[in-house]
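Colleague: Take this structure, written in structure tokens, and hold onto it; I'll ask about it next.
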There are 2 protein chains.
Amino acid sequence: MKPPLRIAIAGLGTVGAGVVGLLQKNAALLEHRAGRKLELVAVSSRDRARKRPVDLGSAAWHDDAAALASLPNVDLVIELIGGSDGIARKVVTTALENGKSVVTANKALLAHHGAELATLAERKGVALGFEAAVAGGIPILKALREGIAANRVQAVCGILNGTCNYILSQMRETKRDFAAVLKEAQELGYAEADPSFDIDGIDAAHKLSLLAAVAFGNAVDFNAVHVEGIRHVTAVDIAFAQELGYRIKLLGLARLTEHGLEQRVHPCMIPLSASIAHVEGVFNAVVVEGDFVGRITLEGRGAGAEPTASAVMADVLDIAAGRGAPGFGVPATALQHLPNAPIARHTGAYYIRLMVVDRPGVIADIAAALRDESVSMEQMLQHGRSSVDAVPVVLTTHVTEEAAMVRALDRIQALNTVLEPPRMIRVENL
Amino acid sequence: MKPPLRIAIAGLGTVGAGVVGLLQKNAALLEHRAGRKLELVAVSSRDRARKRPVDLGSAAWHDDAAALASLPNVDLVIELIGGSDGIARKVVTTALENGKSVVTANKALLAHHGAELATLAERKGVALGFEAAVAGGIPILKALREGIAANRVQAVCGILNGTCNYILSQMRETKRDFAAVLKEAQELGYAEADPSFDIDGIDAAHKLSLLAAVAFGNAVDFNAVHVEGIRHVTAVDIAFAQELGYRIKLLGLARLTEHGLEQRVHPCMIPLSASIAHVEGVFNAVVVEGDFVGRITLEGRGAGAEPTASAVMADVLDIAAGRGAPGFGVPATALQHLPNAPIARHTGAYYIRLMVVDRPGVIADIAAALRDESVSMEQMLQHGRSSVDAVPVVLTTHVTEEAAMVRALDRIQALNTVLEPPRMIRVENL
């Protein structure tokens, strides 16, 4: 039997405690699967005095996380500090430079420095695992890198942020508005005190950039992601979505187009016939289209100490057993640099909601604006009549280019019968 | 770069042609992923004259499939002949004995001889891959063996037979009866001329026995699977399921219970809130419960040349790259032999449909029979009145042991107001 794999953990927050708990609770199973013992030899965290739900056993305590990364008796460092720079980056870089494999759940770090870190790992002949950085416990990166490795991927998309999915699910079920549901989610611990990272789509964009990199063998390019969050989704839109046979979800999507690699995160209308439309609450799901496998969907918990620990330990087991593909599926030096398809070149169908004066001729003006930009209307709904208030008019379009849609909306917004900025939600016919 | 991996394919039916097509179409990608070339050096099939949709290039033709398995210039044999014994078994055994790795889509062979073949492969130091044997293109075995390898699996279940799922989906959508939909499925090529292997649940049971073996590290035990097919599912039951908030699906389920490993294949009532309830047509899906990851679901095409070829080539790539866990997740010699939990010890909720005389006191007699066996009723529905014909009475129970349920049904069937054998469908609250 191989000698034990000696592990250090930097960061003992919720996920760190989850990983320690898993190492202890399933020790016999892990040894069986890895063909060797896994030993926790050192840990580090900000506050040694803090009470933790796990016993750290004989692991040596280090106040300085970076010190862990160069300990001679450590083979593998698990980085669970978080953040795209600062101490987390220093720990990972130092560990790799010292010839230690690294496993991390840090999506921000990988989204910003993934290609550079993977190159360093390969130069040093060690592994860099980040399964836990995307979609929590769902083994989606392994599925892309190995499970469907024989396929050319055409598209990948997913519900990548549990906070947003919880808020949108609650808005639909309780017919309340965004602000009220967000407040409740914060009270329940499903949203942070400063929720912007989640609800403005940044977290989902980090994850999408990693998914896209692995799916297309492309150097991770976070700045190429077009990002919109869910602040502007209203109860009215959710009710119309229901009527039209859709659910609104925050999706991250990446696909190859004639203009290059398109990467975007924004609210989408998804038809109820798609099983991903039924993924509710804090669950995540990822859909992949491959040229041979067709469409596959993976669903599971996208966050939380235990699911994330499961993904961290999957990487650790691969490293312990000496197996596994490179983190991005191909050697870092072989990653492509595909052109970035701009969002203006996106083609798709659109949902548009307008708040208009209820007066004859209004629809004719809107229809003329669409016609002038060659945007073809699929259906139109107007509910409610009012001689004093604005009333909603909803329309969906056939497939069109986004630039044309935006020009048509500029024309529509200029009409003096249209009282608020138009709301546009892209339709994804999954 | 490593020398090319030299491949022989035994069996050139639909899947075999799909694998040849994938080897050719994605040759550059495969080489990139494997770090070496993949070369098709030899093929074998029953009928050389048959027209095939692919060009076999320079591959040597052998009329005798078993001859492929001992060719000195072959590193890996892909077995796509099928069948639990006969020539397929001979090809696989011979290849392994000659120190060649084997990849197969043959669920019947593995269900009957899996433990023996895995032992032989390990003794010879070669790999035995069978991802394609379960759920077509869905990389579920890799997910179990590696993606969630740190978890103790508590349960695994799935829609494992596309023919049955297509028939049940069509029955629901078109409100037709089993026989009519089966006939149409046969005309469309979704069901075989002799459909019994699929509709009686044997195919799903083969797959379940493999899933259970990998999920629980248990020696595959096909004979331990309790099997019921879908012949007895009627349009009436499907309509009642809809009314009660369920869909009827043929599931394969395995879980650890206090009585041992429970393995069963039968029609189930699944609540509409479960995303697997929305997996329709020829798609397959598998749900796994792990102690850390919680519930994950994988969905995709369960059959067809291209998805199956995708799974076959995933195994080939793992072998070519020198990575991957043992086929059953742990060494064959370390597989457990868990006791087989008998179906009579199963505990769960039940849907019961009775055809009764519409007369006062009938329900009281039924309720008394349930009470006498300590079966607790959850709800009861009776639609339609008739003074001449039998009318359906449907009831659901709280969780009870199957043996008690069966005794209660024996009492109920003995009532002279109950005109047909009761129909029982297990409820799975996924």
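The values are calculated or read from the model by the stated rules, or taken from the named source; none is laboratory data. Fair warning: this is a prediction, and the values are worked out from it, not measured in the lab. Quick reminder, even Gly has a Cβ in these numbers, built from the backbone with ideal geometry, and neighbours come from all protein chains shown.
Colleague: Which count do you get for residues in segment A:336-386 that are under 30 Å from A:Gly125 (Cβ atoms) and in a strand (DSSP E or B)? If you could, list the steps in order and put the result at the bottom.
Modeller: Pass one, segment A:336-386, residues under 30 Å from A:Gly125 (Cβ atoms): A:336-338.
Checking which are in a strand (DSSP E or B) leaves us with A:336.
The total comes to 1.
Colleague: Which ones in segment B:87-110 are buried (at least 24 other Cβ atoms within 10 Å of the Cβ) and closer than 13 Å to B:Ser44 by Cα?
Modeller: Residue satisfying the conditions is B:Val91 alone.
Colleague: Please enumerate the residues belonging to segment A:271-307 that are in contact with an Asp or Glu (Cβ under 7 Å, 6 or more places away or on another chain) and hydroxyl-bearing (Ser, Thr, Tyr).
Modeller: A:Ser275, A:Thr297
Colleague: For B:Ala334, work out the one condition from (1) under 27 Å from B:Phe222 (Cα atoms); (2) under 23 Å from the mean Cα position of the chain (by Cα) it doesn't fulfil.
Modeller: Among (1) under 27 Å from B:Phe222 (Cα atoms); (2) under 23 Å from the mean Cα position of the chain (by Cα), B:Ala334 violates only (2).
Colleague: Among the numbered criteria (1) assigned to a loop (DSSP other than H, G, I, E, B); (2) of a type in the set (Lys, Arg); (3) within 14 Å of chain A (Cβ to nearest Cβ), which one does B:Arg176 miss?
Modeller: Against the list (1) assigned to a loop (DSSP other than H, G, I, E, B); (2) of a type in the set (Lys, Arg); (3) within 14 Å of chain A (Cβ to nearest Cβ), B:Arg176 comes up short only on (3).
Colleague: Further question on the same structure: Can you confirm whether B:Ser84 is crowded, with 19+ Cβ neighbours inside 10 Å and hydroxyl-bearing (Ser, Thr, Tyr)? Give the steps one after another, and end with the answer.
Modeller: Numbers: crowded, with 19+ Cβ neighbours inside 10 Å: no; hydroxyl-bearing (Ser, Thr, Tyr): yes.
No, not satisfied.
Colleague: Looking at (1) assigned to a helix (DSSP H, G or I); (2) surrounded by 13 or more Cβ atoms within 10 Å (Cβ to Cβ); (3) within 14 Å of another protein chain (Cβ to nearest Cβ); (4) not acidic (Asp, Glu), which is the only condition B:Thr333 fails?
Modeller: (2)
Colleague: Among the residues of segment B:267-286 satisfying the criterion of being in contact with a Gly (Cβ under 7 Å, 6 or more places away or on another chain), more than 9 Å from chain A (Cβ to nearest Cβ) and surrounded by fewer than 24 Cβ atoms within 10 Å (Cβ to Cβ), which is farthest from B:Gly136 (Cα to Cα)?
Modeller: Result: B:Pro271.
Colleague: Also, I was wondering about something else. Considering only residues that are closer than 30 Å to A:Gly322 by Cβ and among the charged types (D, E, K, R), which ones fall in segment B:296-336?
Modeller: If the condition is that a residue be closer than 30 Å to A:Gly322 by Cβ and among the charged types (D, E, K, R), then B:Asp315, B:Asp318, B:Arg323 are the ones that fit.
Colleague: Do any strands (runs of 3 or more DSSP E) lying entirely in segment B:1-99 carry at least 1 residues that are touching a residue at least 60 places away in the same chain (Cβ under 8 Å) and of a type outside the set (S, T, N, Q), and which ones are they? Spell out the reasoning first.
Modeller: Details: elements: B:5-10, B:38-44, B:60-62, B:76-79.
Here the list reads B:5-10, B:38-44, B:76-79.
Colleague: Looking at A:Gly82, A:Gly57, can you tell me which residue is at positive phi, over 23 Å from the mean Cα position of the chain (by Cα) and not assigned by TED's automatic domain parsing to the domain that holds A:Ser209?
Modeller: Values: A:Gly82 fails: over 23 Å from the mean Cα position of the chain (by Cα).
Exactly one of A:Gly82, A:Gly57 is at positive phi, over 23 Å from the mean Cα position of the chain (by Cα) and not assigned by TED's automatic domain parsing to the domain that holds A:Ser209, namely A:Gly57.
Colleague: Restricting segment A:301-354 to residues that are touching a Pro at 6+ places or on another chain (Cβ under 8 Å) and more than 12 Å from A:Glu131 (Cβ to Cβ), which is modelled with the lowest pLDDT? First the steps, then the outcome.
Modeller: Step one: list which residues in segment A:301-354 are touching a Pro at 6+ places or on another chain (Cβ under 8 Å), which gives A:301, A:311, A:314, A:332, A:352-354.
Pick out the ones that are also more than 12 Å from A:Glu131 (Cβ to Cβ) and you get A:301, A:332, A:352-354.
Details: A:Arg301: 96, A:Ala332: 92, A:Ile352: 98, A:Arg353: 97, A:Leu354: 96.
Step by step, filter segment A:301-354, then rank; the result is A:Ala332.
Colleague: Still on this structure, please answer the following. So, of the residues in segment B:290-320 that are at the interface with another protein chain (Cβ under 7 Å from one of its Cβ atoms) and within 12 Å of B:Ala34 (Cβ to Cβ), which turns out to be surrounded by the fewest Cβ atoms within 10 Å (Cβ to Cβ)? Even if it seems obvious, please write down each step before you answer.
Modeller: At the first step, the residues of segment B:290-320 found to be at the interface with another protein chain (Cβ under 7 Å from one of its Cβ atoms) are B:290, B:292-301, B:306-307, B:309-310, B:313-314, B:317-318.
When the remaining residues are screened for being within 12 Å of B:Ala34 (Cβ to Cβ), the result is B:313-314, B:317-318.
Numbers: B:Met313: 31, B:Ala314: 28, B:Leu317: 25, B:Asp318: 27.
Checking each candidate, the answer is B:Leu317.
Colleague: Restricting the first residue to segment A:380-401 and requiring it to be over 16 Å from A:Val357 (Cβ atoms), which pairs with a second residue that is part of a loop (DSSP other than H, G, I, E, B) meet a Cβ separation below 7 Å and a spacing of at least six or different chains?
Modeller: Every condition considered, the pairs that remain are A:Thr397/A:Val375; A:Thr397/A:Ser376; A:His398/A:Ser376; A:Thr400/A:Val375; A:Thr400/A:Ser376.
Colleague: For segment A:88-147, what are the residues that are out of contact with any strand residue (DSSP E or B) (no Cβ under 6 Å at 6 or more places or on another chain) and hydroxyl-bearing (Ser, Thr, Tyr)?
Modeller: The answer is A:Thr93, A:Thr94, A:Thr119.
Colleague: Now a separate question. Assuming A:Asp177 fulfils every condition listed in (1) surrounded by fewer than 18 Cβ atoms within 10 Å (Cβ to Cβ); (2) within 17 Å of A:Gly304 (Cα to Cα); (3) touching a residue at least 40 places away in the same chain (Cβ under 8 Å) apart from one, which condition is it?
Modeller: Among (1) surrounded by fewer than 18 Cβ atoms within 10 Å (Cβ to Cβ); (2) within 17 Å of A:Gly304 (Cα to Cα); (3) touching a residue at least 40 places away in the same chain (Cβ under 8 Å), A:Asp177 violates only (2).
Colleague: Can you tell me which condition A:Gly11 does not meet? The list is (1) within 14 Å of another protein chain (Cβ to nearest Cβ); (2) at pLDDT 95 or above; (3) buried (at least 24 other Cβ atoms within 10 Å of the Cβ), and all the others hold.
Modeller: Every condition holds for A:Gly11 apart from (1).
Colleague: Identify, please: which residue in segment A:321-330 is more than 21 Å from the chain's Cα centre (by Cα) and among the small types (Gly, Ala, Ser) and is, among those, surrounded by the most Cβ atoms within 10 Å (Cβ to Cβ)?
Modeller: Kept after step one, since they are more than 21 Å from the chain's Cα centre (by Cα), are these residues of segment A:321-330: A:321-325, A:330.
Subsequent filtering for residues that are among the small types (Gly, Ala, Ser) retains A:321-322, A:324-325.
Numbers: A:Ala321: 20, A:Gly322: 13, A:Gly324: 22, A:Ala325: 24.
In this case the residue turns out to be A:Ala325.
Colleague: A follow-up question, please. Can you pull out every residue in segment A:119-145 that is under 20 Å from the mean Cα position of the chain (by Cα) and part of a helix (DSSP H, G or I)? Show your work before the answer.
Modeller: In the first step, residues of segment A:119-145 are kept if they are under 20 Å from the mean Cα position of the chain (by Cα); the result is A:128-145.
Within segment A:119-145, A:Glu131, A:Ala132, A:Ala133, A:Ile140, A:Leu141, A:Lys142, A:Ala143, A:Leu144, A:Arg145 meet the criteria.
Colleague: Hey, could you check segment B:358-376 for residues that are surrounded by fewer than 16 Cβ atoms within 10 Å (Cβ to Cβ) and among the hydrophobic types (A, V, I, L, M, F, W, C) and say which is farthest from the chain's Cα centre (by Cα)?
Modeller: Within segment B:358-376, the match that is farthest from the chain's Cα centre (by Cα) is B:Ala364.
Colleague: Just to be sure, is B:Ala241 surrounded by 21 or more Cβ atoms within 10 Å (Cβ to Cβ), within 12 Å of another protein chain (Cβ to nearest Cβ) and more than 20 Å from B:Arg345 (Cα to Cα)? Spell out the reasoning first.
Modeller: Working: surrounded by 21 or more Cβ atoms within 10 Å (Cβ to Cβ): yes; within 12 Å of another protein chain (Cβ to nearest Cβ): no; more than 20 Å from B:Arg345 (Cα to Cα): yes.
Against the criterion (surrounded by 21 or more Cβ atoms within 10 Å (Cβ to Cβ), within 12 Å of another protein chain (Cβ to nearest Cβ) and more than 20 Å from B:Arg345 (Cα to Cα)), B:Ala241 does not qualify.
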